Amino acid sequence: MDNMRRKVIGTGTAALVAASVPGSLVFAQGAPIKIGMSMPQTGGLGAGGQAALIGIRMWVDDVNAKGGLLGRKVEFIVYDDQSNGANTPGIYTKLLDVDKVDILIAPYATNPTAPIMPLVKERGKLLMGNFSFQVNSKVQHDMWFNNAPWNDARGWSEGFLEAGKNAGAKSLAVFAADAEFQQNLANGAREIAKNSGWNIVYNQNYPGNNTDFSSIIRSVRAARPEAVFVACYPNEAVAIMRSVNEIGIGSQVQIFGGGMVGLQFTPIMQSLGSLLNGVVNFNSYVPGMKFPGIEDFFKRYSERAIAAKVDPLGYYLPPFNYAIGQMIEQAVNATKTIDNKKLAEHMRKTEFNTIVGPISFDKNGERAKPRLVQTQFRNVKDNDLEQFKSPGKQVVVWPAVDKQGDVITPFDRARKAT
Amino acid sequence: MISIDLLFEAVLFGILLGCFYAAVSLGLSVAFGLLDVPYVAHPALLILGSYFTFLLSKTGLDPIICGLLLMPVFYLIGIALYRFYYETFERRSSDTGVRGLAFFFGIAFIIEVCLILVFGVDQRTVSATYIGSSLEIGEYRFPYRMLVAFGIAIFLTTLLTLYFSKTFNGRAIKAVGQDEGALRLMGANPVKIKQLAFGIATAVNALAGAMLIIVGPVEPAMDRIYIGRTFCVVVLAGLGSMSGTLVAGLILGIAESVVMMTLGASWAPAVSFGLLLLMLGIRPQGLFGR
Amino acid sequence: MKYSIYAFLTILAFLGLSLMNVNEYIFFAGFVILQFVVLATAWNILGGYAGYVNFGVPAFIAVGAYSAVVLFKSISAPLVVQIIGGGILAGLLGLMVGLLTLKLRGIFFSIATVAVVFILETVVMNWRYVGGATGLQLTRPPDLWGFDTYTRMLFFVMAVLAVCSVSIARYIQDSFLGRGLRAVRDSEEAAECSGVPTLKIKLIACTISGALMGVAGAPMPMYLSYIEPTATFNLNYSISALGMPIIGGTSHWIGPVIGALLLATIQQIVTVTVSNELNVLVVGVLLVLFVVLAPDGILGLIKKWKQSSK
């Protein structure tokens, strides 16, 4: 037996040594620049992630058609993290050590991104954020730049709570999943609500994989709130809207929604249909908002998306993911290097021109000038994709600069409004 | 703090939920309770039933019909599984405990991973006219999907109880768990009887799987939480008791519903496993067991 | 005597490897492989020697991991203290679970261990201090013990832990405890009748098994710089930790080592080249194949092959 053991250990060690790759490669002038990330392509965030991915791929193709970056081709490496934060540390370690990626992009959304923040900080790598919320607040990495059009909780809840106040609401119910994004947002909203005189009558967390919201909706209804702020992810959003429709939320509710991720994904909007009516929720882009050049982007995007059988409208994420590419491109061309540190220094002090407007960052790597909107779903019909292409289905109610209409209250009336 | 109204509604919802849990555990009650097979793969087959229902319902059929249509298929699967288990384990060596358990555990994981590979980790749902609306009685709302599941559960439980008490084969199944030798003397082949029982248990799983996807969305990893719920019901009932399964299911359903209402949904997963552990600690033979 | 020389040489070999200029990913993957050596060995002490199938492996791993987190967060405990703390607490859990359920039949013990996983997971999910369901981001301390990177250091630490746990399993196997456990596995009633203190030795085995799993789990928060309950309490650990000894061979301490090295390496290669799920499928399929066709594992196959070639 000892013989056996020696052999096993010996072979094992030899195999490990044989499989090893030398520590550094010599770059040829024509060697490609590798940009890598993991994207949730399946799982709860999958519908959004697949659309976002097309946005990035469009940029990769565009930049390679122009001759690449610094004369070198851009090679894009992407994995599927299945919307599961447990998978991302392994994937990003693989990207850095096995694939030898030069520039990292974060996965779409907060929850898959949170686990890799310490890793990225320790390795001193630049990370291009992708629609996460306050994910850098604890780790404070100085090479983090988030493309999302928000900064902190104020941009989300202020508009929502203001609209509620205008309708005379004084009591607030808050519920959120126990996960990074939802908690960050809900805590922010609670802070603001408390400081502006709201009476919080219901305040609960639920596990992220909860599928049956009957008891929560029932409890919310029993607390008789006049405003209901929800921070949730796509699977939960669908279940919550179905539950609200099944059980009812109470006739005194003026305004419902706030921070529901997933109600911006076209497949979900299509499947929920009229269940969406009346909900006031955040968005990054809806038809009617002015961004120069974006119509052209959507045309090109649609073609690729339809061919890939993915969200054909692509409003929420794809343009912003394309913008990530644009920012990388502009930074690399300006600094003439892919050295992460130099790129980060440049990004800290530059305002970039992108298809979603100008983007500049504050000292935390979040947007210096947020441009988030709150919209209200109105007159949405079931099983109709085309209806979302024109303005009027998602009416912008806040902020004033993008406003398209006033909030219709109470919630029950808004659900039937035309 | 918690109003009586709300509590009452929680209990009512718990009754619906409990009957659903009972129906989902019936198969295990037979396979493990009566036959003593360490059938930890039962919840995985339940989820498999849900996914097959999902596939079949794409043809436009109502999910309940799909479930019924799948029952003969699952019956055959059950027979095959038991036959294999019997030939490989029960017949041969003394080490059956570890190996039998490991075998079914392995099967459960294989089913789960294959589901992930084929369907992905996304949640799947079915649609039907009764899914999405509720019955309004006064201030209370009862979702129709729960009422449908409740109805099927009662139907299945009654059917099985009658089968086991009134028919020769049914009584033979109950007997084979207690005294195989005596059964042989009565002219029945114990192996064939056990096979039949296992087939029935797995067939029930098909309809239970249809119920599961009617009640809510399913994803491949759900078999893990259902290990807790189904084994909790079976252990609480006591091995070998069919009607006990219904009572045990009700206890679990009401407990879970009330906990969700009072402590919050984040404590719900612990209810079934906690009850299970409690039962194992103080009264392992269950409430109605022999 | 010979064994301890081999053990020492193995540790030296791993030390040498950790200092070599090879790809970092080897240490990242190697850590997991060595972790499974510890887990498989630990599982085998109760599962292989005594025949009690522990499905609740993640509960013990998690107790180790979360104890480490608490120690790290509260008193900035160094890694060694985290590991010892994790081991002690996991051992205590093993003792408690044993007291509660070892009087029960095999399958009830197994189901009870699954119950412990979910109950503990629910408790942790509601515990804000360690991050709850959201999870906790952790910054590694700068102390590297002379290694180039923290991952290399953890790799070496896990190698030492692997050698230690295998040594413990070897010691148990040849001792009174081992003989008693084998008697329990063969026929518990007969063992009782011949005066073996079955409950006591089962409890000892459960405690040691649990403690070793906790020790394997304790370095995990530092390894990932992140901890969250769903991944830590994942039942995938169970199928691997029981598959590896069964595939390797449960009767001898080298069985789990062979099973773990072989299977975990395959898993890591599959993860890097194909996908994550296939991992579990590999273990599941191999487990079922071996349980059906080769119940004594690879060791059994080797024995048969040796006998037939004589």
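A few remarks follow.
- Charged-residue dipole, Cβ positions (Lys, Arg, Asp, Glu), segment C:2-265 about Cα centre, Debye nearest 20: 280 debye
- Rolling a 1.4 Å probe over the heavy atoms of the protein chains gives chain C an accessible area of 36 Å² per residue.
- Using the Cβ-Cβ distance between C:LEU104 and B:ALA80 with R0 set to 45 Å, the FRET efficiency from 1/(1 + (r/R0)^6) comes to roughly 0.90.
- Formal net charge of residues neighbouring B:PRO190 (Cβ-Cβ distance under 9 Å; K, R +1; D, E -1): +2
- log₁₀ of I(q)/I(0) at q = 0.09, 0.12, 0.14 Å⁻¹ - segment B:4-282, Debye sum with one point per alpha carbon: -0.41, -0.73, -1.00
- Residues in segment C:77-119 occluded by at least 40 Å² - accessible area, probe radius 1.4 Å, against chain by itself: C:LEU100, C:LEU104, C:ARG105, C:ILE107, C:PHE108, C:ILE111, C:ALA115, C:PHE118, C:ILE119
- Gyration tensor (alpha-carbon) shape descriptor, segment C:196-290, a/c threshold 1.5: oblate
- Translational diffusion coefficient of chain C (Stokes-Einstein, Kirkwood radius from Cα pairs, 25 °C, 0.890 mPa s): 124 µm²/s.
- Chain A contacts chain B over a buried accessible area of about 1900 Å², both sides summed; the probe is 1.4 Å and only protein chains count.
- Mean ellipticity per residue at 222 nm, deg cm²/dmol - from DSSP H runs of n ≥ 4 across the protein assembly as shown, formula -39500 (n - 2.57): -19500 deg cm²/dmol
- Kirkwood Rh, Cα atoms: Rg over Rh of segment A:176-257: 0.94
- Anisotropy class of the protein assembly as shown from Cα gyration tensor, a/c 1.5 cut: oblate
- Share of carbon and sulfur in the accessible heavy-atom surface of the protein assembly as shown [1.4 Å probe, %]: 61 percent
- Radius 11 Å from Cβ of B:GLY138, net charge of other residues (Lys, Arg +1; Asp, Glu -1): -3
- The Cβ shell under 14 Å around C:ALA190 holds other residues with a net charge of -1, Lys and Arg each +1, Asp and Glu each -1.
- Relative contact order (percent, whole number), chain B, Cα cutoff 8 Å, 6+ residue spacing: 38 percent
- Segment A:220-288 - accessible surface per residue (Å², probe 1.4 Å): 18 Å²
- Interface of C with A. Using a 1.4 Å probe and counting protein heavy atoms only, the two chains hide about 3300 Å² of accessible surface, both sides summed.
- Here the protein assembly as shown carries DSSP beta bridges of which approximately 40% are antiparallel, counting only pairs with both residues inside.
- Spin-label pair A:PHE291/A:ILE200, simplified geometry with 7 Å Cα→Cβ offset, distance in nm: 3.3 nm
- Shown in residue order for segment B:234-247 are the 3J(HN,Hα) couplings computed by the Karplus curve 6.51 cos²θ - 1.76 cosθ + 1.60 at θ = phi - 60°: 5, 5, 4, 5, x, 4, x, 10, 6, 5, x, 4, 5, 4 Hz (x for Gly and Pro).
- Normalising the average separation of contacting C-alpha pairs (under 8 angstrom, six or more residues apart) by the number of residues puts the relative contact order of chain A at 17 percent.
- Available extension along the chain between A:ASP142 and A:GLU162 is 3.9 nm, counting 0.36 nm per residue and deducting the alpha carbon span.
- Å² per residue, accessible surface of segment B:4-282 at 1.4 Å: 35 Å²
- Measuring max minus min along each principal axis, the C-alpha atoms of segment A:312-374 give extents of 36, 26, 15 Å (largest first).
- Summed buried accessible surface, chains C and B, 1.4 Å probe, nearest 100 Å²: 3500 Å²
- Between A:ASN333 and A:ASP62, the distance separating the two model label sites (each 7 Å from Cα on the Cα→Cβ line) works out to 1.1 nm.
- Gyration tensor verdict on chain A (Cα atoms; rounded if a/c is under 1.5, prolate if a/b is larger than b/c, oblate otherwise): prolate
- Amide H partners (placed H, <5 Å) of B:GLY132, local residues excluded: B:TYR144, B:ARG145
The values are calculated or read from the model by the stated rules, or taken from the named source; none is laboratory data. The structure presented is a predicted model; accordingly, all values stated were derived computationally and were not measured. No Cβ is skipped: glycine too gets one built from the backbone with ideal geometry, and neighbour counts run over all protein chains shown. Note: accessible area is taken over every heavy atom of the protein model, side chains too, but ligands, DNA and RNA are not part of it. Shrake-Rupley method; radii C 1.70, N 1.55, O 1.52, S 1.80 Å.
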